[in-house]
Amino acid sequence: MDPLNLSWYDDDLESRNWSRPFNGSEGKADRPHYNYYAMLLTLLIFVIVFGNVLVCMAVSREKALQTTTNYLIVSLAVADLLVATLVMPWVVYLEVVGEWKFSRIHCDIFVTLDVMMCTASILNLCAISIDRYTAVAMPMLYNTRYSSKRRVTVMITIVWVLSFTISCPLLFGLNNTDQNECIIANPAFVVYSSLVSFYVPFLVTLLVYIKIYIVLRRRRKRVNTKRSSRAFRANLKAPLKEAARRAQELEMEMLSSTSPPERTRYSPIAPSHHQLTLPNASHHGLHSTPDSPAKPEKNGHAKDHTRIAKFFEIQTMPNGKTRTSLKTISRRKLSQQKEKKATQMLAIVLGVFIVCWLPFFITHILNIHCDCNIPPVLYSAFTWLGYVNSAVNPIIYTTFNIEFRKAFLKILHC
């Protein structure tokens, strides 16, 4: 995704020149070095293809991975795949041969794809950050299935349409170079593509992640404040012990009963009724018995029962035995924790992208606006550091997302 420069500098190239024209003046002594270099770059291409194909296969096969965020991750993986298959082979060719031996239209298509895929990558990351903000700040809106599918379709479409729109001027005669060169020879387009393809989306994405951090921080403070004000832990043990004792007594009564198989719920607050509910059960999809009014207990723990998201459920099996379960975890809290972990992983993806591509784009700006004489080896290293980013993302998913890790192992064992 090198939208600006693709080759070595000539020894006599002026230091303010913003491009690296390809030429065939390198001596034969350098050929073994270039061949070895080309072998490493070809290996990088295969690694990128392998990793990103795994990502696409994992999301398409595993229902647990078919989420809004992961569809955007697939869009990012497709951009990386197109870089590896449509752009990088030509860059390797130019590094080895040293000049462009094909037509102008082929060169224009090549540099257009280069700019387009770089733009698609950063815009996908920007779309992912917006998706994460919606999930964290507006979970009710985010969890609507219809709106989620519609939203992700619109976002992916916008990403690719914008990417093509930004890069397509190169197809209409904007880029004029020598016959044996294939570079972007328009300094104005260099500035334009750097700003629109990288700097502006990067700043938007960074601001969105800062906003996400603020939302998560406020939420954490709010939870901590509620816990301290209620002295939740101090009053939690007594009602739970009482509930467990009564559930055990009622279970023993069930064992001696000859009634037909049925599901019964028991209440520690009103033993005469068949329900045991410690607060907020409705959040878990359970329904309390309307004719079971809660009576205040002597020790004053009746209020605490309405705050504890736990309930016992005793079920009589067909063979006469009973099964007791204690469900303790709030779905809402689990969902929030899941969104937080997903956001952290994608923030790492963004951070790695910036580390890989920022040196390259800074170098381009410096080449235009200062007399810096950047060594060609350093320039080439920054270019390929950007391409390495396409191979890193699948590794991040494997490291920080257990669902992706399981899916990858499942695919590889087939």
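FYI, it's all coordinate maths here, none of it is from the lab. Computed from a predicted model, the values in this text were never measured in an experiment. Using ideal geometry, Cβ is built from the backbone for each residue, glycine included, and neighbour counts are taken over all protein chains shown.
Summary of values
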read-out: Spin-label pair Lys221/Lys341, simplified geometry with 7 Å Cα→Cβ offset, distance in nm; value: 2.7 nm
read-out: Per-pair calculated FRET efficiency, R0 = 30 Å: Tyr213 and Cys56 via Cβ, rounded to 0.05; value: 0.50
read-out: Extension reserve of the Leu412-Phe172 stretch, reckoned as 0.36 nm per residue once the Cα distance is removed; value: 82.0 nm
read-out: Of Val161, Gly98, Ala79, farthest towards positive along the dipole that unit charges on Lys, Arg, Asp, Glu beta carbons give region 71-166; value: Val161
read-out: Calculated FRET value between Leu141 and Gln179, using beta carbons and R₀ = 41 Å, to 0.05; value: 0.15
read-out: Between region 115-135 and region 339-414, the Cα center-to-center distance that results, in Å; value: 14 Å
read-out: FRET E, pair Lys101, Leu195, Förster distance 35 Å, beta-carbon r, rounded to 0.05; value: 0.60
read-out: Taking Ser60, Ser193 and counting other C-beta atoms within 10 Å, the order from fewest to most; value: Ser60, Ser193
read-out: Per-residue Cβ neighbour rank within 10 angstrom, fewest leading, Ile214, Ile45, Ile184; value: Ile214, Ile45, Ile184
read-out: Computed lengthening from Thr153 to Ile348, 0.36 nm per intervening residue step minus Cα-Cα distance; value: 67.8 nm
